[in-house]
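Below is one structure; the comments refer to it alone.
What follows is calculated from the coordinates using simple rules that are stated; it is not laboratory data. Note that the coordinates shown come from a computational prediction; the quantities given were computed from them, not determined experimentally. No Cβ is skipped: glycine too gets one built from the backbone with ideal geometry, and neighbour counts run over all protein chains shown.
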Amino acid sequence: MDGIVGVFGTDDHELVNKAFLATGACQHRGKACTGLAISNGKGIYIHKGLGRIAEVIDYNIVRTFQDLEPVAAIGNIGYTKSAVVEKVNTEPIEVFPFRRSKHRLALTMDGYLIREDDLIIELETDYSFQTRNKTEIIGALLHKHINEYGVSFAAGEKLLEKLRGRATFALVALVFDGKQSYLLTLNDAKAFEPFCYGTINSTFIASSESVSHRRLGGNITREYEGAEMTICSENGVETKRLVEEPLMPDIFQGVYFGNVASICRGKEIFQIRRELGLKLVEHYKESKADVVIPNPESGWGVTVGIAEGLHKPLLPALIKLPQAVRTFQEGERTIRNKEVGLKFGGIDSILKDKVIAMGDDSIVRGSVSEGGSVWVVYNAGAKYIEFWISYGPMFFPSFKEWHRGVDCLQELAVQRAFAGNYPYDKSEDEINKAAAKLIGVDEVRYNSRESIQAVSGKGSFQALDASYPIGETFWPDWLKVEVEKYHKYRGR
């Protein structure tokens with residue numbers, strides 16, 4: 001869930017500032033760390049650290065990097081893709097081969113690699129790994145193929161072949177060959193991770209969110225298809241699709257992660273969320289609510305649709321407090337429950353003695369609702385809560401959580417609601433009632449898989465139906481057992 005940006009412009013005297021602004025525009029990516037890297041006629045230079053972008057990159061860094069007359073820059077905000085949040089694991093990351101190579105390479109990536117041990121064994125005789133970040137492994141593979149095939153589409157094809165079925169990624173990389181600097185972009189064949197590009201005043205910009213281009217006063221040309229690669233050099237900019245196979249974009253990006261002003265597979269994210277709210281009303285039809293409120297911040301879009309469909313007033317009765325912390329990054333549920341209680345404040349004059357229709361994007365573990373917003377709404381005097389959810393019941397964990405073992409399955413709210421059993425043979429009404437009891441509301445109203453696809457289009461609904469972008473060869477055994485149960489009771 002990183003925000004990544006790549007910028008290329010041979011005569012752009014604001015190139016570094018554009019990279020800074022475009023990177024900072026990416027939102028909701030954790031923002032535990034940030035970094036910028038530039039490349040010019042002499043090499044590659046990186047500055048990074050822990051914290052948000054304004055805490056790590058200041059005016060002096062931007063000015064100093066611009067004084068180096070770069071032609072390309074890449075930026076990252078997000079996680080470290082490692083349980084250990086250390087500066088060494090932040091991105092961009094430079095690749096260090098043991099043997100002398102004319103190619104220097106630094107990259108940053110949004111995505112994830114599964115079961116990389118065999119790749120490390122293959123690469124460790126040729127590369128000195130400096131981090132515990134999976135991005136460095138993919139960078140070493142890319143560097144290896146560039147050494148073999150040069151800065152070329154052939155190198156990208158080899159990387160795609162190597163990572164087929166075991167990784168999702170959208171990456172931007174700087175390459176310096178001793179004479180000139182290149183900017184490379186590449187994404188996985190399924191286009192799982194969001195990625196787009198455009199040219200603004202002759203400067204090429206690739207980003208994980210289209211709001212980066214809007215921040216710079218322009219628009220995207222389009223979103224990348226799967227396995228598309230761009231090579232920017234002094235000879236120009238060329239984009240080519242290297243492999244063609246059915247796309248499987250991550251639908252949850254539109255439902256939850258993305259900026260509401262961004263484009264997700266051709267559609268504005270705010271409109272995706274609003275239409276999901278309308279679909280909920282179309283499905284459930286009736287409501288006893290006096291007022292509709294969002295569970296901030298990502299609950300706003302769906303709540304607009306709910307209020308519109310129900311013809312009920314939409315009011316901001318929950319306030320996200322300034323001292324709020326990002327609790328979805330906290331692994332321990334008991335700690336999350338305590339922290340989410342500090343996130344919200346309720347407005348008594350709106351909530352007291354009212355029936356509330358409360359909109360939210362999803363219920364993952366349930367702790368944000370269970371320990372925070374729900375308690376605040378009841379504490380402010382609400383007498384009844386209908387909890388409307390834009391996504392469906394999440395039966396399965398993200399593949400980016402598999403490394404934690406079966407716990408990442410068992411901690412999901414729907415799984416906890418049927419502890420000692422399984423939810424796959426349960427009706428919609430049974431699931432809604434069990435989830436409501438778990439998180440402590442009067443009603444839960446999940447959206448259906450069919451309604452979500454009608455709004456978002458086709459893609460990966462991994463949490464709902466195990467439609468993972470990862471090949472089954474790489475699935476953990478405990479997951480295979482659960483998915484088999486799911487298919488037994490719900491059909492393939």
Over the chain, what is the mean sequence separation of C-alpha contacts under 8 Å (at least six apart), divided by residue count, expressed as relative contact order in percent? 12
Note, ³J(HN,Hα) from phi for region 262-267, Karplus 6.51, -1.76, 1.60, rounded to Hz, x at Gly and Pro: 7, 9, 10, 6, x, 10
At 0.36 nm per residue, minus the direct Cα-Cα distance, what do A454 and K433 gain on full extension? Give it in nm, one decimal, please. 5.1 nm
Read phi for every residue in region 122-130 and hand back ³J(HN,Hα) as whole Hz from Karplus 6.51 cos²θ - 1.76 cosθ + 1.60, θ = phi - 60°, with x for Gly and Pro. 5, 9, 5, 7, 10, 9, 9, 7, 9
Which residues qualify? For C33, with a placed amide H closer than 5 Å and at least 5 residues away or on another chain, they are G51, G78
Only Lys, Arg (+1) and Asp, Glu (-1) charged, at Cβ; region 274-490 dipole about Cα centre in debye: 200
Residues I319, I46, I93, sorted so that the one with the fewest Cβ neighbours within 10 Å comes first: I319, I46, I93
Between S398 and V237, what FRET efficiency comes out of the Förster formula 1/(1 + (r/R0)^6) with R0 = 45 Å and r the beta carbon distance, rounded to 0.05? 0.85
Provide E69, E386 in ascending order of the number of other Cβ atoms located within 10 Å of each residue's Cβ, fewest first. E69, E386
Pull up the cross-link candidates among the lysines for K48, meaning alpha carbon to alpha carbon under 26 Å and not fewer than 8 places away within one chain. K18, K31, K81, K87, K102, K134, K144, K179, K400
At 7 Å along the Cα-to-beta-carbon direction for both R222 and K285, put a label point, then send me their distance in nm to one decimal. 4.2
In nm, to one decimal, how far is the E297 label point from the A154 one, both placed 7 Å along Cα→Cβ? 4.7
Residue separation between V85 and K42 times 0.36 nm, minus their alpha-carbon distance, gives in nm 12.4 nm
Show that you can apply the helix-only estimate: for the chain, add -39,500 (n - 2.57) for every DSSP H stretch of four or more residues, divide by all residues, and state [θ] at 222 nm to the nearest 500. -8500 deg cm²/dmol
Pop out the ³J(HN,Hα) list for region 392-404 in order, Karplus 6.51 cos²θ - 1.76 cosθ + 1.60 with θ = phi - 60°, rounded to Hz; leave Gly and Pro as x. x, x, 8, 7, 10, x, 4, 5, 6, 9, 4, 4, 7
Can you sort L186, L50 from fewest to most other Cβ atoms within 10 Å of each residue's own Cβ? L50, L186
Please sort by residue number the trypsin sites (Lys or Arg not before Pro) in region 1-54 whose DSSP state is loop and whose Cβ has at most 15 other Cβ atoms within 10 Å. K42, R52
